[in-house]
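Sharing a structure with you now.
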Amino acid sequence: MSFDPATLRYDARGLIPAIAQDAESGEVLMMAWMNADAVARTLQTGRVTYWSRSRQEFWVKGETSGHVQDLVEMRIDCDRDALLLLVRQTGPACHTARRSCFYTALRDGAEVEIMAPES
C-alpha cells in the first residue's frame, strides 16, 4: 500500500507537528512543522524537510548549517495529526547550537538550563 501525505490530518494552516528524535539514543531533539509537500520531500530525499512558518518556505534541516537530519523512519500517531521522525542527527539540532531544543527544565518552580551549547 502506497502512502499519500494527503491522508494526514493537517491544521487549518495545512501544517502538522513533527517531532525529531535521535533514532539511536531516543533523545528528543526538536519539534517543527511540515506541510504535505515537506512530508513528501522528506520521504523522497531522506533529508528531513520542514516548513518554515516565519519565512514561508521549505527548510531542509542542515542545508546552511551542515547539521543535517537524515530520516531513518517516519511514524504517524494514532489520530494521524502528528509525526515522529526518527533521525540520524549530525551536529546540534537546535539553532542555539545545543544538541536538543529542549534544554530548559522546570525544577522546583524555576527554569534551569540543563544543556550548554556545543562548541
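Please identify the cysteines of the chain that lack any partner cysteine with a Cβ under 4.7 Å from their own Cβ.
CYS78
Taking the Cα centre of the chain as origin, sum charge times position over the Cβ atoms of Lys and Arg (+1) and Asp and Glu (-1), and report the length of that vector in debye to the nearest 20.
The calculation lands at about 280 debye.
Which of [x] 95; [y] 138; [z] 112 is the computed volume of the Cα convex hull per residue in Å³ for the structure on display?
Read-out from the structure maps to [y].
Related question: Ranked from highest to lowest mean number of other Cβ atoms within 10 Å per residue, what is the order of the peptides 18-31, 50-63? Show your work: numbers first, answer last.
Details: 18-31: 17.1, 50-63: 14.8.
Answer by packing, highest mean first, reads 18-31, 50-63.
Also: Run the numbers on region 15-91 and let me know its relative contact order in percent, using alpha-carbon pairs under 8 Å that are six or more apart. Don't skip to the answer; put the middle values down first.
Values: 157 pairs, mean separation 24.1, N = 77.
Rounded, it is 31 percent for region 15-91.
Just so you know, all these numbers are worked out from the coordinates, no wet-lab data involved. Since we're looking at a predicted model, the values are computed, not measured. Note: ideal-geometry Cβ built from the backbone for every residue, glycine included; neighbour counts use all protein chains shown.
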